[in-house]
1. So, counting K/R as plus one and D/E as minus one, what does the shell of residues with Cβ under 15 Å around ILE90 add up to?
2. For a quick check, take a GNM of the chain with Cα springs below 10 Å and name the residue from THR106, THR71, THR19 with the largest mean-square fluctuation.
3. Hey, of [x] 17.1, 63; [y] 21.4, 79; [z] 16.2, 48, which did the structure itself give for Rg and Dmax of the Cα atoms in Å when calculated?
4. Tell me the Rg and the Dmax, in Å, that the Cα atoms of the range 28-135 produce.
5. Between the helical axis of 135-166 and the dominant principal axis of the chain, each derived from Cα atoms, what acute angle in degrees is found, rounded to the nearest 10?
6. For every other residue with a beta carbon closer than 14 angstrom to the beta carbon of GLY42, add +1 if it is Lys or Arg and -1 if Asp or Glu, then tell me the sum.
7. Rounded to the nearest 500, what is the 222 nm mean residue ellipticity of the chain from helices alone, with -39500 (n - 2.57) per DSSP H run of 4+ residues and division by all residues?
Amino acid sequence: MMPLMERYNASKVRLMALTALMTAVTIVFTLVVRIPVAPTRGYITLADVAVYFSAFAFGPLVGFLTAGLGTGLADLIGGYPHWMVLSFLIHGLQALAAGFIGRRGTLVSYVLAVLGGGVIMVAGYYGAAALLYGTGPALSEVIGNCLQVSAGGLVGIPLVFAVKKAYPPLADMTKPRSWEEE
């Protein structure tokens, strides 16, 4: 049996490793497919698939960290460093909200979570682009961002159900282990 402090540290290490892995996945989903949006020189990605998957599979905190860090670092790597902090906040808050709304784990809660998170993402990027480029160019991104959110939900929801069915311990990865499990 492991002493209490070792169990606590093992849980922290597991959580950090999971967050790092999902951050890397989010970076890949953000950078692999990029559809440019001319007026703002921004792009539409598959980032929301990873955003929603991490929020639904691992909860709001891991979702916030992986979505924020993953999209922010992807902006830095991909040549959009001026968007890094904005992406961290917008996608992080999107995942945080989705994780809280979808915590029941039902199809209805996930759909509502995609809608709630989507409003945060679309409104956040509209506001940021309006400040940086004006309302006209910002409006040109709204449809693309709605499509990105929709794709994230259409792929992310079935993916989380499939992975949880194939690997039931997935949901427990972010929870500390109890005395009995050691």
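1. On the way: positive: none; negative: ASP48, ASP75, GLU141.
So the surrounding residues net to -3.
2. Highest fluctuation of the listed residues: THR106.
3. Computing Rg and Dmax of the Cα atoms in Å and matching it to [x] 17.1, 63; [y] 21.4, 79; [z] 16.2, 48 gives [x].
4. Radius of gyration, then largest Cα-Cα span, for the range 28-135: 13.3, 39 Å.
5. On a 0 to 90 degree scale, this one is about 20.
6. Neighbour charge sum, excluding GLY42 itself: 0.
7. Dividing the helical sum by the residues of the chain leaves -26000 deg cm²/dmol.
No value in this document is a laboratory result; all are computed from the given coordinates. No experiment lies behind these values; they were computed from the predicted model shown. Note: ideal-geometry Cβ built from the backbone for every residue, glycine included; neighbour counts use all protein chains shown.
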